[in-house]
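Remarks on the structure that follows.
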Amino acid sequence: MSNPGDASEPLRVAIVGSGPAGFYAAEALLSHPELDVEVDMIDRLPTPFGLVRAGVAPDHPKIKNVIKRYEKTAGHEAYRFFGHVTIGRDIGAEELAGLYHAVVWAYGAGADRKLGIPGEELPGSHAATEFVAWYNGHPDFADREFNLDCERVVVIGNGNVAADVARMLVLPRAELEVTDTAHFAIEGLAESNVSEVVVLGRRGPAQAAFTNPEVRELGELTDADVVVDPAAVEPDEASTAFLESDAADNTNRKNLESFTEFAQREPAGKPKRVELRFLRTPLEIQGDGRVERIVVGVNELELGEDGAVRARTTEETETIECGMVLRSIGYLGTEIDGVPYDAQAGVIPNERGRVVGDGGDPHPGHYVVGWIKRGPTGVIGTNKKDAQETIETLLGDAAAGKLPEREADRDALPDLLTERGIHFVEFDGWQAIDALEQERGAGAGRPRIKLTAFEEMLEAARKVRDGG
């Protein structure tokens with residue numbers, strides 16, 4: 001077994017995925033004071049930063065300031081970026097692992113959970129992640145079509161993504177045009193007929209998973225009243241017990257205070273509205289060739305012996321007329337051939353970030369961080385501690401001589417990709433894309449106008465690579 005990490009044999013690590021988890025892992029490796037480490041970061045897209053670029057709501061620009069920290073890591077002389085490289089298409093997982101002492105899988109959770117109800121596949125029924133990717137200009141989703149001619153949209157879920165899409169659906173043009181929302185999405189959203197968004201939660205207001213700032217923002221919308229049925233915030237036995245238990249935290253309590261305040265408001269007569277409707281479970285999406293309505297069950301809450309609050313569907317149902325349904329009920333990681341995978345949990349099985357196979361046996365040289373490690377929980381900053389744990393495990397294995405023996409040649413990956421005709425994008429190529437986007441935005445008074453097609457991005461990056 002090898003024990004790399006000095007000037008004669010630097011520890012060479014590949015990180016697959018360039019979102020927050022990947023960058024925090026790179027930072028933890030490159031900031032180690034006693035080791036010589038070289039990091040190659042690989043991403044399927046020509047652009048780095050993952051969901052910070054393609055998932056954070058455009059009207060939340062301050063959250064994207066974390067990119068400055070990632071750019072500092074990218075400026076390290078031992079860091080390299082390889083964008084527009086797909087594992088399984090351009091290079092296999094085990095083939096990649098053979099070029100490095102260790103591989104850190106950091107590619108997140110890109111698949112959405114489905115409702116599993118009749119009518120879910122009707123046109124007009126979408127994953128909220130697709131809608132988010134569309135308005136953020138993700139190249140995989142730039143040509144998607146959403147029925148914004150309808151008056152009512154139903155959003156299923158009580159997390160921050162649900163709040164984001166509800167808010168984006170009712171923002172006025174003036175507020176969209178000062179963001180980096182994709183140009184085609186600005187037109188679609190600003191010209192839409194959507195005047196009402198109904199956000200459904202399976203449990204009660206005390207159990208909603210929104211963060212406090214997201215809830216407050218819903219109450220501050222310029223063009224939309226926020227509506228909550230006063231009966232929904234009346235305390236029931238299960239929620240009262242929950243709020244008095246250790247299972248609840250200040251987020252739950254503050255959210256309930258906000259929902260109660262919303263319920264007491266008199267409508268201000270704004271042209272649009274966002275209704276938060278709790279204790280509802282989707283049962284069926286109906287329509288003649290497209291979404292026209294959704295049938296939901298009315299729930300009751302019950303407190304389990306373990307102290308958890310669960311929703312139980314009653315015999316009562318409601319039908320909500322709508323033209324589009326967006327589901328936001330969670331994410332799943334996807335499988336990569338050659339890497340262990342837990343299909344039920346949607347993660348790569350691991351112990352403190354060390355990938356394990358069947359029976360819990362280590363998968364030598366493979367590590368994991370972020371959502372593909374722990375599931376889709378936490379905020380951007382959560383990934384820092386998560387990555388530190390994994391890198392401590394990796395470095396401990398390196399010190400103990402537990403990494404596989406590798407001929408880890410620094411030139412092996414770029415040589416292989418070049419030989420296969422793969423047009424990979426290096427970090428200066430991304431910087432050229434970034435500069436072009438900002439230049440395009442400056443003339444329109446916007447932070448940037450994103451390139452939303454792969455060929456556009458590759459052409460901008462190619463000019464740098466070719467010296468043009």
Residue-averaged [θ]222 nm for the chain, counting only DSSP H segments that reach four residues, each worth -39500 (n - 2.57)
-9000 deg cm²/dmol
Under unit Cβ charges (Lys, Arg +1; Asp, Glu -1), what dipole magnitude, rounded to 20 debye, does the chain have relative to its Cα centre?
780 debye
Working out 0.36 nm times the residue gap between Asp288 and Val379, then minus their Cα-Cα distance, what length gain in nm do you get to one decimal?
28.8 nm
Label the range 343-383 by shape, choosing from rounded, prolate and oblate, from the square roots a ≥ b ≥ c of the eigenvalues of the Cα gyration tensor; if a/c is under 1.5 it is rounded, and otherwise prolate applies when a/b is larger than b/c, oblate when it is not.
oblate
Taking alpha-carbon centroids only, the range 276-301 lies from the range 42-118 a number of Å equal to 35 Å
I want to check the label-to-label distance for Val178 and Glu77. Put each point 7 Å from Cα in the C-beta direction and report it in nm to one decimal.
4.3 nm
What does the highest-first list of 13-26, 333-346 look like by mean Cβ count within 10 Å?
13-26, 333-346
Here, Glu130 and Ala190, labelled 7 Å along Cα→Cβ, have an inter-label distance in nm of 2.6 nm
Which residue, Ala442, Ala231, Phe141, has the largest displacement toward the positive end of the dipole of the chain when charges sit on each Cβ (Lys, Arg +1; Asp, Glu -1)?
Ala442
Under a point spin-label approximation (7 Å from Cα along Cα-to-Cβ), what is the Arg420-Ala345 distance to one decimal in nm?
2.9 nm
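Give me the net charge of Thr222's neighbourhood, meaning all other residues with Cβ under 12 Å from the Cβ of Thr222; Lys, Arg count +1, Asp, Glu -1.
-2
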Compute the signed sum of charges (Lys and Arg +1, Asp and Glu -1) over the other residues within less than 13 Å, Cβ to Cβ, of Ala387.
+2
Please order Asp164, Asp434, Asp59 by the number of other Cβ within 10 Å, starting at the fewest.
Asp59, Asp434, Asp164
Taking 8 Å as the Cα distance limit and 6 or more residues as the minimum spacing, I'd like the relative contact order of the range 114-329 as a percentage.
31 percent
Out of all DSSP beta bridges in the chain, what portion is antiparallel? Express it as a percent rounded to 5.
40 percent
Within the under-13-Å Cβ sphere about Pro235, not counting Pro235, Lys/Arg +1 and Asp/Glu -1 give a net charge of -4
Give the distance, in whole Å, between the Cα centre of the range 217-246 and the Cα centre of the range 134-160.
25 Å
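Computed from the coordinates by the stated procedures, all read-outs in this text should not be read as laboratory data. On a predicted model such as this, the values are computed, not experimentally measured, just so you know. Here Cβ is always computed from backbone atoms with ideal geometry, including for glycine, and neighbour counts include all displayed protein chains.
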